[in-house]
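The values are calculated or read from the model by the stated rules, or taken from the named source; none is laboratory data. Remember, predicted model here, so these are calculated numbers, not experimental data. Neighbour counts are summed over all protein chains in view; Cβ atoms, including those assigned to glycine, are modelled from backbone coordinates with ideal geometry.
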Amino acid sequence: MAFPLLLLAALSTFALIPLASPHFFASSDGLYHVFRAIEVDRCLQDGVLICRWMPDQFLGFGTPLLNLYSPLTYYLIAAFHLLGLGWVAATKLSIAAGLLLSGIAAFGYAADFLSRRAALLAAVVYVYVPYHLVNAYYRGDLPEFFAMAWFPAILWAFGRTAHPGPLRTRLPYAVAAALSYAGLVLTHNLSAFIYTAVLALYCAFLLLRGRVERHHRTLLGLARPGPRCCSARRCWPTGCPPTSRCRALLEKHLIQLDGLLYVSHADHFPWLRQILPNRPFHTYGFIFREATEYGYRMGFVQVALGGLGAAVALLCYRRLSVRARGEALFAASIWAAAFWFTRPPRCGPGTRSCCSRMPNSPGGS
């Protein structure tokens, strides 16, 4: 197991090249998160372990940002700073750790139903997924970047919890599932809101798969019907959402949001013709539809590689194990559902759309 992980780390080093500069790389929001980590460090120095108020933000007037925004990223950067690193070096090291951990989590998840070579390939691909690197180096949205490391970790932990066997062998995975989900919630609010729906569907998929496998074993006489491998209580995280999420919803009417958002949520939902490629490579631009280079338009190479990957997956589908087929079908279903929900008619202006009902959006419920 050590060799694949070492090879994964070696193959992932190319994604760390932007961190080699002595200066902090240019990005849209990267420096904001460095400043917020400094504020968290100040809270810790003052003996405040759960930082809610950032006193130096907004020209010294302060802001209760962490009442509404997940703080774990800033605690990680502050922890590296406490080890003696400067703020730029601490932020870069946290990004490197996030990249490597995302690859390790993807390898662990894929290795449950693929060969080690295939799992290694999947992990490397996950590290180099364009949006993964864009979040880190172009957008500079570090919390959303770190959230992507939790996605495969959550699937791995919940999948292991659902495996047949005595409770004592599955209990560590149940703990890992709870910690992974909590880590996602504490890392990035919006990713947690979106991924919770995916996780609910994945738990339903695990329950269905467990029933089918037990029924199949019983018919073949290979095993007696054992205890339920994954009940709803064991598979789904219980308890109330963290208090910061409750405050975000309960105190929304006290916050001025109108006029602060420079773009409407509806601008994130383009028509298919608006994302079709018109040049060889994707060029990152703005998400305003009237922009010179619309940021969501794909490149020909991007589309060709995606189509090639889909074709290879279809050709190799029969060679996959039953569990691998199930995971592939689940992933394809989630992609299809996401594509359908992002159509402009589902989130268009002039209607009571899902955008107007978003909890954190102006006019939302």
Have a look at 321, 333 and point out the one that is closer than 26 Å to residue 160 by Cα, over 21 Å from the mean Cα position of the chain (by Cα) and either at pLDDT below 75 or among the small types (Gly, Ala, Ser) (or both).
-> 321
Restricting the search to segment 138-195, which residues are within 25 Å of residue 210 (Cβ to Cβ) and among the hydroxyl-bearing types (Ser, Thr, Tyr)?
-> 161, 169, 173, 180, 181, 195
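Of these, 113, 146, 151, which one is surrounded by 20 or more Cβ atoms within 10 Å (Cβ to Cβ) and either more than 14 Å from the chain's Cα centre (by Cα) or over 30 Å from residue 319 (Cβ atoms) (or both)? Break it down into steps so the answer makes sense when it comes.
Numbers: 113 fails: surrounded by 20 or more Cβ atoms within 10 Å (Cβ to Cβ); 151 fails: either more than 14 Å from the chain's Cα centre (by Cα) or over 30 Å from residue 319 (Cβ atoms) (or both).
Among 113, 146, 151, only 146 is surrounded by 20 or more Cβ atoms within 10 Å (Cβ to Cβ) and either more than 14 Å from the chain's Cα centre (by Cα) or over 30 Å from residue 319 (Cβ atoms) (or both).
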Taking segment 125-135 and the residues there that are in contact (Cβ under 8 Å) with a residue 24 or more places away in the chain and out of contact with any Gly (no Cβ under 7 Å at 6 or more places or on another chain), the one that is surrounded by the fewest Cβ atoms within 10 Å (Cβ to Cβ) would be 130
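Could you grab me the full set of residues in segment 82-97 that are of a type outside the set (A, V, I, L, M) and either surrounded by fewer than 21 Cβ atoms within 10 Å (Cβ to Cβ) or modelled with pLDDT under 95 (or both)?
Taking segment 82-97 first, the residues of a type outside the set (A, V, I, L, M) are 84, 86-87, 91-92, 94.
Answer for segment 82-97, where residues must be of a type outside the set (A, V, I, L, M) and either surrounded by fewer than 21 Cβ atoms within 10 Å (Cβ to Cβ) or modelled with pLDDT under 95 (or both): 84, 86, 87.
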